[in-house]
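Below is one structure, written out as structure tokens, with a few remarks after it.
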Amino acid sequence: RDLSEAQDKVHTLTSQLSTNAHVVSAFEQSLSNMTQRLQQLTATAEKKDHELHELRQTVEMLRKQSAADLGNHPNGGSSNNHQRRHTINSVADSSTGNNISRQLSTDSVSSLNSLSSACSASSSAQQSEADKKKKRGWVRPNISV
């Protein structure tokens with residue numbers, strides 16, 4: 001009788017050991033997947049940080065260039081002749097006299113002015129509030145506790 005009970009206990013413990021081994025294996029696989037995902041996210045974040053740094057350098061360079069251009073302008077930068085500088089042409093093109101200056105159209109100047117007007121700012125704020133309410137309404141029914 002004791003032998004039978006001992007065999008049952010060994011069988012139960014063996015079964016538990018096998019189940020625990022499967023749990024450990026699943027945990028290790030999950031941990032491996034999370035590690036890979038973390039590495040991907042870290043690489044993506046580093047890439048975005050690098051791109052952001054490059055963009056900030058470009059913006060700073062353009063600010064300095066713009067300030068220098070305004071300082072060199074005879075009217076102090078208050079001219080009605082709005083010109084765009086294009087970086088498409090290479091240095092070789094500029095040396096051969098192929099520079100083309102373009103003026104901003106009145107439509108683009110008007111749209112720039114309307115974007116910065118108080119009406120546009122208030123309508124975008126109202127739109128933002130509406131978007132927040134819409135998102136909030138969508139999230140609540142989908143949350144389960």
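Descriptive notes on the structure:
- Theoretical FRET efficiency, 1/(1+(r/R0)^6), r = Cβ-Cβ of H11 and N33, R0 41 Å, to 0.05: 0.75
- Selection from V24, L70, A45, by position along the positive dipole direction of segment 1-72 (Cβ): L70
- Once the Cβ-Cβ distance of K48 and A68 is raised to the sixth power relative to R0 = 35 Å, the FRET efficiency obtained is 0.70.
Any read-out appearing in this document is the output of simple, stated calculations on the displayed coordinates, not a laboratory observation. Only a predicted model underlies this, so the values are computations on that prediction, with no experimental measurement involved. Positions of Cβ are backbone-derived with ideal geometry, glycine not excepted, and every protein chain shown enters the neighbour counts.
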